[in-house]
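Here's the structure we're looking at; comments come further down.
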Amino acid sequence: MTSNLISLLDLSQRLNKAPALSSRQMGWNGVLVEQCNGSSSSFEMELPALADHWLNLHLGHPTPLIQKRDDRLHESVIKKGDTILVPAGQRSYWHRHEGVICDPLHICLKPELIAQVAETSNLNSDRIDLINCFSQHDLQLHNIAMLLLAELQSGGVMGRLYVESLIQILVIHLLRHYSTLTQPITFEGRNLTRTQLQRAIDYIHAYLNRDLSLAELASVVNISPTYFASLFKQAIGISPHQYVIQQRVEQAKLMLKKTDLAITLRDSFAYRRHCLTSRFF
């Protein structure tokens, strides 16, 4: 990569769009999620290559869009839920006529995240590249992005462990479906030892009220976060995030037995979002 690469902040400035919501101040390692205000104005621009992988999810009404790459024009009508992926290091040209309001969700991923997941699966990250995707409808990718957006809108109520688990799933999905990878990603043949598992569980119980992260839990047993998330679920049957939620619920039940407090479901939206995550975790 060269010093000519630009960041998402540079991109927002070139698009003349300040984000309505941003994860910049939320401490989400390796990923930046931003929702921009919609615009119906036309534009034509050539963008320098981004330093990060740029995932753009269209949330508005159908709108015609032209992309130029490899000296060829690609034209499509972008519909709600359609995905655009521009890999890091690739220049891009865009043109759109004035029309309906476009509401984009930007997700930028550090190339290091892709490399970490690949290397965890014993894959040579130097030989794996993400590929350009223009106007493809991917329901699973859309659902993951919507969960990240919901967490952004909530101000990070579910915590870092939840966000990092979502990002791991997103990266694995991109490697499987939007890369030059030719062999399956698998964690078979690996297991947490009984000692490692107990050490991780003890740590979770000791710091149950802390905003835990995958990196923090993985460091307890001295393995990578990607390994930990997969092997923990393999050993327990549920993800680290689900296990933490489960233990917090059990802790709340014990507290209620000692008090006269009543529980009310104040945030039905968060509850529905938790149910939706069961498809991924």
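The values are calculated or read from the model by the stated rules, or taken from the named source; none is laboratory data. What you see is a predicted model; the values in this text were computed from it and never measured. A quick note on method: Cβ atoms are made from the backbone with ideal geometry, for glycine too, and the neighbour counts reach across all protein chains shown. Note: accessible area is taken over every heavy atom of the protein model, side chains too, but ligands, DNA and RNA are not part of it. Shrake-Rupley method; radii C 1.70, N 1.55, O 1.52, S 1.80 Å.
Checked against (1) over 19 Å from LEU50 (Cβ atoms); (2) open to solvent by 40 Å² or more (accessible area, probe 1.4 Å); (3) modelled with pLDDT of 90 or more, LYS110 meets all criteria but (1).
In the set (1) surrounded by 20 or more Cβ atoms within 10 Å (Cβ to Cβ); (2) modelled with pLDDT of 90 or more, ALA229 fails one condition alone, (2). For GLN251, the conditions (1) loosely packed, with under 14 Cβ neighbours inside 10 Å; (2) under 24 Å from LEU170 (Cβ atoms) all hold with the exception of (2). Among the candidates HIS241, HIS205, the residue that is at pLDDT 80 or above and within 24 Å of GLN116 (Cα to Cα) is uniquely HIS241. Checked against the criterion of being buried (at least 20 other Cβ atoms within 10 Å of the Cβ), β-branched (Val, Ile, Thr) and modelled with pLDDT of 85 or more, the candidates ILE78, ILE66 yield just one match: ILE78. Filtering VAL33, VAL86 for residues that are surrounded by 13 or more Cβ atoms within 10 Å (Cβ to Cβ), touching a helix residue (DSSP H, G or I) at 6+ places or on another chain (Cβ under 8 Å) and at pLDDT 90 or above leaves a single hit, VAL33.
Scanning segment 66-100 for residues that are under 24 Å from ALA51 (Cα atoms) and among the β-branched types (Val, Ile, Thr) yields ILE66, THR83, ILE84, VAL86. Under the condition of being closer than 13 Å to HIS106 by Cα and open to solvent by 50 Å² or more (accessible area, probe 1.4 Å), which residue from segment 20-30 is modelled with the lowest pLDDT? Looking at the filtered set, the residue picked out is ALA20. Whether any residue in segment 186-203 is part of a helix (DSSP H, G or I) and closer than 22 Å to MET26 by Cβ is what I want to check. Within segment 186-203, none of the residues are part of a helix (DSSP H, G or I) and closer than 22 Å to MET26 by Cβ.
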